[in-house]
Amino acid sequence: MERILLIRLSSLGDIVLTTPAIRAVRSHYPNAYIAMLVAQQSADVLLENPHLNEIIQFNRLAKDTGEMIRILRILRQKQFALTLDFQRKFRTELLMYLSGASERVGKGKLCTIRVPHSEEKHATERYFDVLHAAGIPAEDRQLEMHLSDAERTQARDAFENAGIKEQRLKVGLFPGAGWKLREWMPERFASIGDKLVQNYNAQVIVFGGPNEIELVANVCGLMQEQVYHFAGTLRIRELAAYIEKCNLFLTNDTGPMHIASAVGTPTVALFGPGNHIRFQPLGEMHTTIRHDVPCNPCKQFTDRCKDNICMKKITVDEVWTTICRLLE
């Protein structure tokens, strides 16, 4: 039996973006043992994935060499023959090399098949470049996230307990982002929320992570109409199940944007400093809103920007026009 290791340690959205490649590997090797090495902080997005036999979790936050040694022992015991490095960093390349795998596909000199950085293209296509170099065909770029019946039932019950009606329009808002400069202004999210209630009798649900509780409270406080919120209490898979129940999702460029695409919820994605060519949601049901500015895209996670002009250029009117088009 062919034993294959896939590697993508981080981050949440990037791991969701590997799901088309995972599916393609399984299609090409239907009887193989396929494992994926992933950071434990984001591993939950791959639970229930039928194309993987195993998820090997790596603690990226560990400060000593003990975690690397632990992982290397596991990898060597598994005796992988083929390894595919979607991260394409020196650390993941080294893990491939020390795993003992005979065929190593990635970027650097320790790989048996080297895949140079390609021209500007979507992340899913960059992962496909790795597959194509290994002779694995891949075309379908549809993201996927597999939820259990129990997870969907829990989401339904949580909405019901919060007073959210199944039969009425439900629109999710995600005003946070892992990088502050990617955040659209809270008052503009609130304005869209009010318009949704006033014009469509929508149930507006604001989501946020543990670091976004204050931001979500701010958006809710700025709204004049009724609003529901879930912030700081949901695990990744709970958030995915809740987003799946929404009819539309308005979000910044962040991990939950990719989750929304993966669970099939139509998404309006607001892009500013991030690279929309690489990371925008794909497909006719999704819309990206952005403006060209001379400094875009920014160096990732820079804090030097003082005016955030790329996000300020996105107006309430253009977002509202896009939402109306999608809803009508």
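None of the figures in this text is laboratory data; all of them are computed from the coordinates on show. For clarity, every value in this text was computed on a predicted model and none was experimentally measured. FYI the Cβ positions are ideal-geometry reconstructions off the backbone, even for glycines, and counts take in every protein chain you see.
Points to keep in mind about this one:
- Set of aspartates and glutamates near K165 by C-alpha distance (under 12 Å), chain-local residues within fewer than 8 positions excluded: D157
- Model label zone, R278; criterion: amide N under 20 Å from point 7 Å along Cα-to-beta-carbon; scope region 1-41: 7-22, 38-39
- Two-site FRET efficiency, R168 against D317, from Cβ-Cβ distance with R₀ of 35 Å, rounded to 0.05: 0.90
- Cα-based equivalent ellipsoid, region 222-296: semi-axes from gyration tensor eigenvalues, Å: 23, 16, 12
- On full extension, the segment bounded by S102 and Q142 gains 11.4 nm, given 0.36 nm per residue less the C-alpha separation.
- Sorting the segments 97-108, 286-297 by their mean number of nearby beta carbons within 10 angstrom, highest to lowest, gives 97-108, 286-297.
- Reachable aspartates and glutamates from K78, criterion Cα separation under 14 angstrom, eight or more residues apart if same chain: E2, E54
- By the Cα gyration tensor, region 3-133 has an equivalent ellipsoid whose semi-axes, rounded to whole angstrom, run 19, 17, 16 from largest to smallest.
- If R0 is 41 Å, the Cβ-Cβ spacing of I74 and I213 corresponds to a FRET efficiency of close to 0.70.
- Rounded FRET efficiency, nearest 0.05, which uses the C-beta distance separating Q154 from R304 and R0 of 51 Å: 0.75
- Equivalent ellipsoid, the chain (semi-axes from 5 times Cα gyration tensor eigenvalues, Å): 37, 22, 18
- Dipole of the chain, positive direction: furthest Cα of V171, Q226, A35, with charges on the beta-carbon: A35
- Cα gyration tensor category, rounded, prolate or oblate, for region 149-327 with a/c compared to 1.5: prolate
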